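A short worksheet on the structure shown next.
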Amino acid sequence: EGEVSSTGHDCGRSRQHTMDVVCRPTGLYTSRKRYRSVSCICRASHPKASECFPQHDPRKQVVAESIRGVADFPKPGILFWDVTTLMLDAQAFQTCMDLLVERYEKEKIDAVAGLEARGLVFGAPLALALKCSFVMLRKPNKLPAEKVTESYDLEYGSDRIEMHRDAIQPGQNVLLVDDLI
């Protein structure tokens with residue numbers, strides 16, 4: 001349980017209830033949890049990220065308006081923010097990448113690691129723009145060389161991810177990119 005600060009939307013429910021948690025920098029879906037809050041982001045009433053998460057930077061509004069919400073995917077009760085519609089809009093995709101570069105260009109980042117599949121799409125161009133290496137984090141049995149494996153839980157199950165053992169060196173600063181983290 002936790003408290004959610006005001007999002008500019010109030011469903012009127014002040015009792016404890018389940019709601020979607022939206023990543024503030026991107027407006028993307030992150031998880032469903034139980035919160036006590038008057039101001040919330042309610043799954044049932046918003047088909048677009050822009051309606052759930054008011055943007056103060058007009059460029060963020062362009063990005064948020066290009067993301068489609070798909071109710072009950074991949075299972076009932078999940079509101080999935082589909083970023084494929086963002087990638088179909090060249091202006092919104094470029095704006096998204098520009099915002100990510102601006103956010104991290106002053107950080108000391110040695111590598112960007114992109115989690116399959118959308119993390120690969122967003123991570124690779126981000127790594128190029130930041131002038132650093134790109135590390136692919138893939139589903140099992142997709143990488144040919146010696147690898148390390150990690151299991152993780154999802155809202156709707158579990159999975160494993162693999163990385164080449166020599167992709168990241170001790171002491172490197174790595175930026176992890178995915179649409180759901």
For the pair Gln94 and Asp159, how long in nm is the line joining their label points, each one 7 Å along Cα→Cβ?
3.0
Looking at segment 90-165, I'd like the Rg to Rh ratio, where Rg is from alpha-carbon atoms and Rh is Kirkwood's inverse mean 1/r.
1.03
Rg followed by Dmax, in Å, when segment 133-181 is reduced to its Cα trace:
11.7, 34
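What trypsin sites (Lys or Arg not before Pro) in segment 139-181 are in a loop by DSSP, with at most 13 other Cβ atoms within 10 Å of the Cβ? Present the calculation step by step, with values, prior to reporting the outcome.
Values: sites: Lys142, Lys147, Arg160, Arg165; in loops: Lys142, Arg165.
The qualifying sites are Lys142, Arg165.
For segment 65-181, what is the accessible area per residue in Å², given a 1.4 Å probe and the full set of protein chains?
Normalised by residue count, the accessible surface of segment 65-181 is 57 Å².
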Once amide H atoms are placed 1.01 Å from N in the peptide plane, what residues at a sequence separation of 5 or more from Leu176, or on another chain, have their amide H within under 5 Å of its amide H?
Ala113
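Charges at C-beta only: +1 for Lys and Arg, -1 for Asp and Glu. How large is the resulting dipole of segment 51-181 about its Cα centre, in Debye rounded to 20?
Once rounded to the nearest 20, the dipole reads 300 debye.
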Quick one: which of Lys75/Lys108; Lys108/Lys142; Lys75/Lys131; Lys75/Lys139; Lys106/Lys142 span more than 31 angstrom between C-alpha atoms?
Lys75/Lys108; Lys75/Lys131; Lys106/Lys142
On a full-extension model of 0.36 nm per residue, what is the gain between Ala71 and Ala129, subtracting their alpha-carbon distance, rounded to one decimal in nm?
17.5 nm
Only sites in a loop by DSSP and with at most 14 other Cβ atoms within 10 Å count here; which GluC sites (Glu not before Pro) in segment 104-144 make the cut?
Glu105, Glu107
Which loop chymotrypsin sites (Phe, Trp or Tyr not before Pro) in segment 102-181, with loop taken from DSSP, have no more than 15 other Cβ atoms within 10 angstrom of their Cβ?
Tyr156
Can you list residues from other chains, or at least 5 along the same chain, whose modelled amide H is less than 5 Å from the amide H of Ile78?
Asp72, Phe73
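Between Val148 and Glu105, what FRET efficiency follows from the Cβ-Cβ distance if R0 is 30 Å, with the result rounded to 0.05?
That pair, Val148 with Glu105, gives E of 0.55.
The values are calculated or read from the model by the stated rules, or taken from the named source; none is laboratory data. Everything quoted here is computed from the prediction, not taken from an experiment. Backbone-built Cβ (ideal geometry, glycine too); neighbour counts: all protein chains shown. The protein model used for the area step is the full one, side chains on, heavy atoms only, and it has no ligands, DNA or RNA in it. Shrake-Rupley method; radii C 1.70, N 1.55, O 1.52, S 1.80 Å.
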